[in-house]
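Report on the structure given below.
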Amino acid sequence: MTIPLSISPAVQSALDEGWPVVALESTIISHGLPRPDNLAAARRFEALLTEMGVVPATIAVLDGQLKAGLTDDELVRVANEDIPKLSVRDLPIALARGGSGATTVAATSYIADLAGIRVFATGGLGGVHRGANETFDESADLTVLSKVPITVVSAGVKSILDIPATLERLESLSVVVLGYGTDKFPSFWLTDSGYELDWSVPDAKSVADVMVSRDALGQDAAILVANPLPVQDQLDPAVHDRALTDALLMADEKGLSGKDVTPFLLQTIVGLTDGDSLAVNLKIAENNIRVAGEIALSWSSR
Ligand code: PSU
Ligand code: MN
């Protein structure tokens, strides 16, 4: 069986010509944002890149095909159909059944790499959950990033997770972590988690330089670019802390586990912040997409 990978004509010609391409994930569309804002956001994410002269490649699984680059009809399907969230381990099952699904950071990175795409923008990466010492709940995003040579731009990880444990695991897994214009790891809705990073880069060209030396070393792991939201755009820290405490308590009371934990926490926090977290969420995704676009431009102009 050959890999059922379907690359859109626009993405394929950009890859052939060495033009800049940025992969976008689909779980943020299907599970991370509510309808109908999700479809508008998915279209805006692509438009932001197109306006920069970068080709967007939204990644998903549709009818048993791994897709890199979606038509507008396909974006509508991802936004409006009740499709499952697929990590890397779910891909063989989805393909065998001819099924569809939205891809997590892990699955998006994996498919983008199969397609030959080097740069990927997401909102927030999965990581080690609080209480993981008992539940073992650690996102496959981390282990997959130890094996896939992609550059992911993320606003750190959300404070729903155990941030220091996530940073420790990124170190164990030899994932390169670069603060983008900062030496503090961002915590998604908040500019600064309070945790220090070892390395900071000032601009997109410096990230492309690290990609070049990473390739020269033949390393397997990804580069994580931690891109903070400007402080004036962050969620009010008091609102944030209250919503976080309540959402974690509610997830605990429900006894959630597995892949349902992250979407539940994200949706609950949108409700608890009267939608403020959602507005910030969109700014974060856009901020990351712009930086990923600049990195892809710098990478393709070497
Ligand atoms: N964290 C966010 N927003 C998201 C996700 C995580 O701040 O939308 C999504 C991403 O697709 C990520 C996935 O890859 O959740 C991780 O899920 P889990 O924790 O079940 O591995
Ligand atoms: Mn999990």
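Name the shape class, rounded, prolate or oblate, that the alpha-carbon gyration tensor gives for the chain, where a ≥ b ≥ c are the square roots of its eigenvalues, rounded holds for a/c under 1.5, and otherwise prolate holds if a/b is larger than b/c and oblate otherwise. Rounded shape, in that the Cα axes give a/c under 1.5.
Seen from Ser257, the other residues with C-beta closer than 15 Å to its C-beta sum to a net charge of -2, counting Lys and Arg as +1 and Asp and Glu as -1. What percent of all Cα-Cα pairs in segment 94-161 falls in each 10 Å bin, counting up from 0? Over segment 94-161, the share of Cα pairs per 10 Å bin runs 19, 45, 29, 6 percent. Taking all protein chains into account, the per residue accessible area for segment 149-302 stands at 44 Å² (1.4 Å probe).
The dipole here belongs to segment 1-93: it is taken about the Cα centre, uses +1 on the Cβ of Lys and Arg and -1 on the Cβ of Asp and Glu, and is about 240 debye.
Please label the shape of segment 1-92 as rounded, prolate or oblate, based on the square roots a ≥ b ≥ c of the eigenvalues of the alpha-carbon gyration tensor (a/c under 1.5 means rounded; beyond that, a/b larger than b/c means prolate, else oblate). Verdict is oblate for segment 1-92. Please identify, among Val291, Val261, Val128, the residue showing maximal mean-square fluctuation in a Gaussian network model of the chain using a 10 angstrom Cα cutoff. Of Val291, Val261, Val128, the Gaussian network model singles out Val261 as fluctuating most.
If you run the Gaussian network model on the chain, springs between alpha carbon atoms under 10 Å, then out of Ala40, Ala106, Ala285 the most flexible one is Ala40.
The label-point distance for Ser13 and Gln65, in a model that sets each label 7 Å from Cα toward Cβ, rounds to 1.8 nm.
Using θ = phi - 60° in the Karplus curve 6.51 cos²θ - 1.76 cosθ + 1.60, the 3J(HN,Hα) couplings for segment 119-133 round to 10, 9, 10, 10, x, x, 7, x, x, 7, 7, 4, x, 4, 5 Hz; x is entered for Gly and Pro. Loop sites by DSSP among the chymotrypsin sites (Phe, Trp or Tyr not before Pro) of the chain, restricted to those with at most 12 other Cβ atoms within 10 angstrom, leave 1-135 as the longest stretch without any of them.
Every Cα-Cα pair in segment 147-255 was counted, and those over 17 Å apart are 57% of them.
Put the Cα centre of segment 211-240 next to the Cα centre of segment 121-166 and the gap is 12 Å. Taking θ as phi - 60° and the Karplus parameters 6.51, -1.76 and 1.60, the scalar couplings of segment 291-299 work out to 5, 4, x, 5, 5, 5, 5, 5, 4 Hz in sequence order, x denoting glycine and proline. Amide H contacts of Val157: Phe188, each under 5 Å away and 5 or more positions distant or on a separate chain (H built 1.01 Å from N in the peptide plane; Pro and chain starts excluded). Each Lys and Arg adds +1 at its Cβ and each Asp and Glu adds -1 at its Cβ; summed about the Cα centre, segment 178-257 shows a dipole of about 140 debye. Here the chain has 52 percent of its accessible surface on carbon and sulfur atoms, given a 1.4 Å probe and all protein chains in place. May I ask you to derive the FRET efficiency for Asp246 and Leu173 from their Cβ-Cβ distance with R0 = 25 Å, giving the value to the nearest 0.05? Approximately 0.20, to the nearest 0.05. For Arg35 and Gln219, a Förster radius of 45 Å and the Cβ-Cβ distance give a FRET efficiency of 0.65, rounded to the nearest 0.05. Annotation: the antiparallel percentage among DSSP beta bridges lying fully within segment 1-140 is about 40. Placing dummy labels 7 Å off each Cα toward the beta-carbon, the span from Thr143 to Asp72 is 4.1 nm.
What the Cα convex hull of segment 26-77 gives, in volume per residue, is 71 Å³. Placing unit charges on the Cβ atoms only, positive for Lys and Arg and negative for Asp and Glu, gives the chain a dipole magnitude near 500 debye about its Cα centre. For segment 209-282, the Kirkwood radius over C-alpha pairs fed into Stokes-Einstein at 10 °C and 1.306 mPa s yields D = 106 µm² per second. Residue by residue, segment 169-176 carries 3J(HN,Hα) couplings of 5, 4, 5, 4, 8, 6, 7, 6 Hz when phi is fed to the Karplus relation 6.51 cos²θ - 1.76 cosθ + 1.60 (θ = phi - 60°); x denotes Gly or Pro. Each DSSP beta bridge with both residues in segment 176-295 is either parallel or antiparallel, and the antiparallel ones are about 25%. Have a look at Asp276, Asp141, Asp260 and tell me which one the Gaussian network model of the chain (Cα, springs below 10 Å) gives the largest fluctuation. Highest fluctuation of the listed residues: Asp260.
The values are calculated or read from the model by the stated rules, or taken from the named source; none is laboratory data. Note that the structure is predicted; figures quoted are calculated from it, not measured. Note that each Cβ is placed from the backbone with ideal geometry, even for glycine, and that neighbours are counted across all protein chains shown. With ligands, DNA and RNA removed, areas are computed over all heavy atoms of the protein, side chains included. Shrake-Rupley method; radii C 1.70, N 1.55, O 1.52, S 1.80 Å.
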